[in-house]
């Protein structure tokens, strides 16, 4: 007997929302997800043709964000928790956003990691308000905002300081 389609759909939602189980790593599941995102981006960028880093990072950020909303909604509903800590696809999206246009070099990747995690944890205005959006949208958007804050600071650093 095959399981109902909803069970299979539920498993896929949990895999995506927890970023293939990384959301269950402790302590700091969001930090683990951000670190793995950095490592995956570093590895993937080695295979990209020169000049493709920005469009691929931008496309990946948008895709991860859009793909992450429905599973985040489903897992939050199933778990009965508004913003479960084990849902980390939002950290993956936010971390990827922070890396758009950033040279794939260890010091910039570390800076992007630190800035994104700091903004994600502190949630400066208006990020905390984004959490009140419904379902997976609220789960994802505060991290998207944290990624945008980190992106702006990294670009300022790259343009004015890191010459």
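Read-outs: derived from the displayed coordinates by stated rules, not from any lab. Computed from a predicted structure; not experimentally measured. Virtual Cβ from ideal backbone geometry, glycine too; neighbours counted across all protein chains shown.
Here are a few things to note about the model shown:
- When 151, 133 are checked against the criterion of being more than 25 Å from residue 21 (Cβ to Cβ) and within 15 Å of the chain's Cα centre (by Cα), 151 stands alone in meeting it.
- Inside the range 117-131, residues that are farther than 21 Å from residue 24 by Cβ and surrounded by 13 or more Cβ atoms within 10 Å (Cβ to Cβ) make up a count of 7.
One line per residue, one yes/no per condition, for (1) within 15 Å of the chain's Cα centre (by Cα); (2) within 25 Å of residue 44 (Cβ to Cβ):
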{"residue": "99", "(1), (2)": "yes, yes"}
{"residue": "109", "(1), (2)": "yes, yes"}
{"residue": "129", "(1), (2)": "no, no"}
{"residue": "137", "(1), (2)": "yes, no"}
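- Residue in the range 42-63 that is over 28 Å from residue 161 (Cβ atoms), touching a residue at least 60 places away in the same chain (Cβ under 8 Å) and touching a helix residue (DSSP H, G or I) at 6+ places or on another chain (Cβ under 9 Å) present: no
- Test: residue in the range 113-123 that is touching a helix residue (DSSP H, G or I) at 6+ places or on another chain (Cβ under 7 Å), under 19 Å from residue 82 (Cα atoms) and assigned to a helix (DSSP H, G or I): yes
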